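Please treat every number below as a calculation from the coordinates, not as lab data. All of these numbers come straight from a predicted model, not from anything done at the bench. Heads up, the Cβs are rebuilt from the backbone with ideal geometry, glycines too, and the neighbour counts pull from every protein chain shown.
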Amino acid sequence: MIVKCPSCNSVISIKKYGEVICPKCKSFVHVGDPVKDEKSFVIFINPSKEEKEKDNISDTEVKRPLFGKKDDKKRIGEGIPWDDAGSIGYTEAAFQTIVMLIKEPSRFFIRIKLFNPKGFIPLIGVFFAVIGAMFNAYWMLYFVKTFMPEISGIFPPEIVSQLSSQTGTEVAVNILFSPVMEIIYPGFIFYFISYFLGARQWVTKYYRIAAYLSILNFLYIVPVIGHIIVFFWKIILLYKAFRIVNMFSPAKAFITMMLYPAVLILIMSPLLFI
């Protein structure tokens, strides 16, 4: 599908209608559905360097056009479906959110960038973080008890002893604290790395990204293979998120994506010796 950018009139090739970023002027554009005779329009124009210098516009003001206040005038269907859970129902909102994240990740992250709904962390992310932690706990205990001799020969005795001697209370605490490990820590790391590389977004954006990525944790129901799929899938989605939300170049988005696991290991490694 070929359309013209309403901002710079350049030709854009898209697969389907919806929100896209113009590759030339970097403006956010809504491409209308031709079947419904909808018109295309610019959601947010990204000014050029000359325009910013002429109008004395700071990068912070350009990159955060909707930040600093709540977007109370957002209409149903404009943001992430989960944002409208109170209007369309939690089951329907969860289903639409999962479908959009899987099928249209670019459109998903564009909407995260554009809209700043009320709330801190989406509950759907907390729910799937806990579900994923429950699957992790089950498979960990299963493999430790079933393959104890083999595991003892691979991992240090201290780690094997700690895993095999965990009580039900310790497992429950780990599960309850899973949103901290899956959302709070990653969200802060996303913010820290992005800020270091020049992005100026509210930290809540990155908590929302981390929360929605936790949706993929339901694949932990499949041991080993599910973990591998989730790991690489999250890496791909992180790249798209950093490209769109931070408006990073491909190289900078790749660097940000690669720095995340390094910083996470640096922060978490001391906890292994507690």
(request) List Tyr212, Tyr185, Tyr90, Tyr207 from most exposed to least, where exposure is judged by having the fewest other Cβ atoms within 10 Å. (result) Tyr90, Tyr185, Tyr207, Tyr212
(request) Treat the count of other C-beta atoms within 10 Å as a stand-in for reagent exposure and order Val29, Val180 from fewest to most. (result) Val180, Val29
(message) To make sure I understand, if each residue's beta carbon is the centre and we count other beta carbons within 10 Å, what order do Lys4, Lys103, Lys252 fall in, fewest to most?
(response) Lys103, Lys4, Lys252
(request) Just list whichever of Lys36/Lys240; Lys4/Lys234; Lys24/Lys103 have alpha carbons separated by over 27 Å in the model shown. (result) Lys36/Lys240; Lys4/Lys234
